[in-house]
Amino acid sequence: MFSVHPPLIIRLVNKNHLICSIPEREKIIYLTFDDGPVPEVTTGVLNILRDRNISATFFCVGDNVRKFPEIFKEVSFAGHSIGNHTFHHLNGWKTPPAEYLEDVTRCDDYLTTALFRPPYGRITPSQYFLLRKRYKIILWSVLSGDFNQRIPKEQCLLNVLNYTKPGSIVVFHDSIKAKENLFYALPLFLDAFIQKGYKFERLNNCDKKFTL
């Protein structure tokens, strides 16, 4: 069953390094994108954000950065934050800790960041303890579901409209399989919350407000 929120057990662990949201009294949303950079899709997202003067955080797959360095430069030059999303988009639940750490480290050969998001949100305790001193491990509070082609684009929009609140970390995906849902839901979501007076900020490597 699809869930907008991360598993409860993940939300209950160490609050200093495993981050699902950021406490905010102001109307601030932390917009994030996973799985890029990808031709056309990432560029399209950058255009949508630029038109609205919005900053976001892109959790990049190292192999995609290797294959599409010019698109990655566009993300970086636009002033967005960058996060590590492993080199091969590994499922942590199916990968031994040493192999997982090696893949994360390989991604660091192509980008510099203290932010890490495990693909699928799947990370084991052993992997967590290997990574927690190097990275702020970022999960989410609202998952759009744009990557799931069984979910109608209208539902993706409702997911983010209904559950986003001040301090939410919201996830979209700049990937081929998310493209249709993404390009439908993202601009409508942004415009709806802009009209409500919200601001969108990128995640900062040194932000002391990080917490569950």
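The values are calculated or read from the model by the stated rules, or taken from the named source; none is laboratory data. From a predicted model like this one, the values you see are computed outputs, not experimental measurements. Here the Cβ positions follow ideal geometry from the backbone for every residue, glycine too, while neighbour counts run over all protein chains shown. Note: areas computed on protein heavy atoms with side chains; ligands, DNA, RNA excluded. Shrake-Rupley method; radii C 1.70, N 1.55, O 1.52, S 1.80 Å.
Among the residues making up region 25-56, those that are over 13 Å from the mean Cα position of the chain (by Cα), part of a loop (DSSP other than H, G, I, E, B) and hydrophobic (A, V, I, L, M, F, W, C) are V38, I54.
In region 96-141, the residue that is most open to solvent (accessible area, probe 1.4 Å) out of those that are in a loop (DSSP other than H, G, I, E, B) and without any contact (Cβ under 8 Å) to a residue 12 or more places away in the chain is K133.
Scanning region 131-182 for residues that are more than 13 Å from the chain's Cα centre (by Cα) and of a type in the set (S, T, N, Q) gives N148, Q149, Q155, N159, N162, T164, N181.
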